[in-house]
1. Expressed as a fraction of 2.2 N^0.38 Å, the rule-of-thumb size for a compact globular protein of N residues, what is the C-alpha radius of gyration of the stretch B:81-170?
2. Out of residues 5 or more away from B:Gln13 or on other chains, whose amide H comes under 5 Å of its own, with H placed 1.01 Å from N in the peptide plane?
3. Using amide H atoms built 1.01 Å from N in the peptide plane, name the residues 5+ places from B:His26, or on other chains, whose amide H lies under 5 Å from its own.
4. Quick query: amide H of B:Asp3 versus all other amide H atoms, modeled in the peptide plane; which residues come in under 5 Å with a sequence gap of 5 or more or a different chain?
5. Can you show me the helix-derived [θ] at 222 nm for chain B, built from DSSP H runs with n ≥ 4 at -39,500 (n - 2.57) apiece and divided by the number of residues, rounded to the nearest 500.
6. Connecting C-alpha atoms closer than 10 Å in a GNM of chain A, tell me which of A:Gly165, A:Gly271, A:Gly302 has the biggest fluctuation.
7. With a Förster radius of 25 Å, plug the Cβ-Cβ distance of B:Ala147 and B:Asn87 into 1/(1 + (r/R0)^6) and report the FRET value to the nearest 0.05.
8. Whole-Hz ³J(HN,Hα) for each residue in the stretch B:51-59, computed from phi via Karplus 6.51 cos²θ - 1.76 cosθ + 1.60 with θ = phi - 60°, x for glycine and proline: what do you get?
Amino acid sequence: MDRDRLKIFLNGVTLVAVFLVLFAFSRYGTDYQVRILNNMAIFITLAVSYNLVNGYCGILHLGPNAFVAIGAYTSALLTMTPAEKQMNFIIQPIVWPLNVIEVPFVLSLLAAGLTATLFAFLISFPVFRVRGDYLAIVTLGFGEVVRVLCNALQNVTNGPLGLKGLSPCTNLWWTWGVAVLSMVVISRLIHSSYGRALKAIREDETAARAMGVDPFQHLLLAFLISAFFSGVAGGLLAHLITTISPTLFTFLLTFNLLIMIVVGGLGSTTGAVIGAMLFAWGGEALRIVEKPMDLGFVIIPGIPGMRMVIFSLLLMLVILFARRGIMGRSELNWEVILTRLDRLRRP
Amino acid sequence: MDDFFKLDGITVQFGGLVAVHRFSLHLEEGERVGLIGPNGAGKTTVFNIVSGFLAPGSGKVYWKGNDITGRPVHEITRLGIARTFQNIRLFPDMTVLENVMVSFHHKLRSHFWQAMFGLPSYRREESLLKSEAMTYLEELGLSHLSAERAGSLPYGQQRRLEIARALAIRPGLLLLDEPVAGMNPSESLETAQLILDLQRKYPLTVFLIEHDMKFVMQLCERIKVLDYGHTIAEGTPAEIQQDPLVLKAYLGGACVC
C-alpha cells in the first residue's frame, strides 16, 4: 500500500518535472529546440500507439501512415477558414460541406482521431481475416490507397498541391499533452486484463481462443485505439508544419515508425518512447558530423548526408548487440526502479 | 433433452480421407471417459470438433441439450468446455500467474475504457482475479512459481500449468489431450491422482486422450477405441482389454473380416 502511494507520488513528481522542462523551453528555448521537442512528442504518440498493435498484438501492421494522413487532412480541412480553402483549391473548388465548416483546433483533433478510427474499423474486416505476411501486405496496400486517394481527390484534399497556410496551433503543451495521455492510457490498457488477452493472442492465438478470448474483438480494439492516437498525432503534425501534401505520408513514415519501435523494443511502451526520442533527437544531434571537422593534422570537409550513414550504422549496432531492441519486452517504470533499489540496499 | 454432452454421428473428411466416421459419444456428468486408438486414428480430430476448432462435415454436437455444432472456439469455451493441447501451448513469454488470468478474461465485467482509465471498479476486479488465479495455482502446486516466465518452467510443470489454465475456465467438461505424454510412471501416477482430486473438488467431467494404457485403465470408467476413424469398441477398461478388435488394432493380426 505504501509502495502504491510512493509510485503515485513519484509519477506526480515526474509530471511536474516534465512540465517545468517544457515551460523552460517554451519560455527560453530557441525555435529550433522547440521544434525538436514537438517532433519528439508527436513521434512518441505515434510510436506508442503503433507499438500497441505491432509489439503487443504481434501483428505486422504496415499502414499507420494512412491513419496519420487521414488525421492530418481531417483536422487541416476542419480548421482552415472558408477563405483560406478558397485560396488553396485553385484547380477544383472544395466540396460542400467542407467549404463552409470551420471548427476550433481541439474539435478538429478529436475529429481527426475519430475519422482515423472509422477508417480503421472499415478496413479491419478484411485485415483481420489474414495473419502474418499477408496482413502486412493488406495494410501496406491500404496505406498506399490512402496516399493515392489524397493525390486523386482534387476536390477534397486538393490533390498533389496539398494544403498550405494552416494556422500553427500546435505547441509544446498540445503535443506533450497528447503524448503523455497516449502513454498513460495505452500502458494502463496493456497492464489490464485486456492487455493480457492481447499478449495471449500474440503468444499463441490457438491457445488464446481455447481460453475464451475472441481474437477479432481484441485485435480490433487495439487497432482502433492505435488508429485514434495516430489520427490525433496526424492533426498535430499538420498544424505543426502548417503545410501538408500526400508526399508527407508515404511508406517512409511507417518505415521510420517501425525503426523506432524495433530499436526501442517491440512490445515495450518505454522502449517505444525511447526509440521515438532517439529518432527525433538523434537525427538532429548528428548534424555535427556534416560540418567540416578540423582534427589538427587533417581537415575533413563537411559531407552532406553523412549523418544518415552514421545513423544507419548506429541502428545496425543496436540490433546487433541488443537483438530485441534497447528495452526488449521489459518496461522501465517506478515498480522496476524501486525493486532494483531495494535489491541494492539489501543484497 | 437432459443430456450432459452428446456427439451424434460426427463425420469429418479431409479431402478424400475420412478422419472420423459416424462417431457418437454420450457423456454423463462427473464421468471420466478415455479415447484411445493407434496413431492417426482421429482422436485429436474428435477433440477439435468438441472444442470447436473444426466443424464436422455432418453430425451434431450437443452441450446440455443445446446444439453447439460449428460455434466459434471462444464461445464454446465460455459455455464451459475447456481443453489442453497435445503439444503444450502455453503463453511462453507471460508469467505463470498471467497465463491463468487469461482464462478469466472472458468473464471480465469491466469495459476496456474502465481499464484504460484505471477506474477503481476495474482495479477491484483485477485484484479479485489475481487472488482467484492464485487459488488455482495453489491447487496445482505452482503458486511459488507465479512470477516465473511460463516458457522457462520444466516440462512437467508446464503440463500442470496447462491444466490450471483450463481449470480456471471453470469448465463442466475438461478435455485432456495426452495429459501424461512424456512423463515417467511416477509422474503419470501423480497426474492421475491429481485428476481424481480435482474431480472431488469441482463438478468436472473428464474426457481424455492418452497412449499410456496403464494410466487410461486406472483412471477412466469408460473407454472408447478409435481406429481409422471408426469406433471399434466401447466399454469398461476390463472389457476393452479383452476385445479382439482392439487387440487386432493395436497388435495387428489376421484379418477376420
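1. Cα Rg divided by the expected 2.2 N^0.38 Å: 1.10.
2. Amide H neighbours of B:Gln13: B:Ala19, B:Gly57.
3. Counting only residues 5 or more places away or on other chains, the set is B:Leu7.
4. Amide H neighbours of B:Asp3: B:Gly65.
5. Theoretical 222 nm ellipticity from helices: -11500 deg cm²/dmol.
6. Looking only at A:Gly165, A:Gly271, A:Gly302, the biggest GNM fluctuation is shown by A:Gly302.
7. Computed FRET efficiency for B:Ala147 and B:Asn87 comes out at 0.50.
8. Values per residue, Gly and Pro as x: 8, x, 5, 10, 9, x, x, 8, x Hz.
Every read-out reported here was derived from the displayed coordinates using simple, explicitly stated rules and does not represent laboratory data. Since this is a predicted model, take the numbers as computed values, not measurements. Backbone-built Cβ (ideal geometry, glycine too); neighbour counts: all protein chains shown.
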